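Engineer: Structure below; questions to follow.
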Amino acid sequence: MLGDKRYWFPAKTYGWGWGFPVAWQGWVVLAAYVVGIVALSARVPPDAEPVRYAAYFTLLTLALLAVCWLKGEPPRWRWGGR
């Protein structure tokens, strides 16, 4: 369908933000994020270079948040069933 908008990340039931992916594309993004963090930890030891590690970690996390913002349900505070 042309007008069918499928979200990769659903909104959380409680609080603000997104839950686990519901589409394969979201799982690929989440897996890439985890692989990126593992590779970063192997390449830039956090105890040896904490500032550099924190900078790269922040960039990876901001990239994940950008994808969630673009491909997830619009975020807002949720109180569960209410």
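The values are calculated or read from the model by the stated rules, or taken from the named source; none is laboratory data. As the structure is a computational prediction, the values presented were derived from the model and not from experiment. Note that each Cβ is placed from the backbone with ideal geometry, even for glycine, and that neighbours are counted across all protein chains shown. These area figures cover heavy atoms from the full protein model, side chains too; ligands, DNA and RNA do not enter into them. Shrake-Rupley method; radii C 1.70, N 1.55, O 1.52, S 1.80 Å.
Engineer: Carbon and sulfur atoms: what percent of the 1.4 Å accessible area of the chain do they account for?
Structural biologist: 68 percent
Engineer: For the chain, what percent of Cα pairs sit more than 22 Å apart?
Structural biologist: In whole percent, the share of Cα-Cα pairs in the chain beyond 22 Å is 39.
Engineer: Accessible area per residue for the chain in Å², computed with a 1.4 Å probe and the full protein assembly in place, what is it?
Structural biologist: Value for the chain: 76 Å² per residue.
Engineer: Next question, about the same structure. What FRET efficiency, computed as 1/(1 + (r/R0)^6) with R0 = 25 Å and r the Cβ-Cβ distance, is obtained for residue 62 and residue 23, rounded to the nearest 0.05?
Structural biologist: Once rounded, the FRET efficiency stands at 0.70.
Engineer: Within the chain, what is the longest stretch that has no chymotrypsin sites (Phe, Trp or Tyr not before Pro) placed in a DSSP loop and near at most 11 other beta-carbon atoms within 10 Å?
Structural biologist: That would be 17-76.
Engineer: Starting from the Cα-Cα distance between residue 32 and residue 77, subtract it from 0.36 nm times their residue separation and give me the gain in nm to one decimal.
Structural biologist: Between residue 32 and residue 77, full extension yields 13.5 nm more.
Engineer: Additional query: Just check region 14-57 against the gyration tensor rule for me: Cα atoms, a ≥ b ≥ c as the square roots of the eigenvalues, rounded for a/c under 1.5, and otherwise prolate or oblate depending on whether a/b exceeds b/c.
Structural biologist: Oblate.
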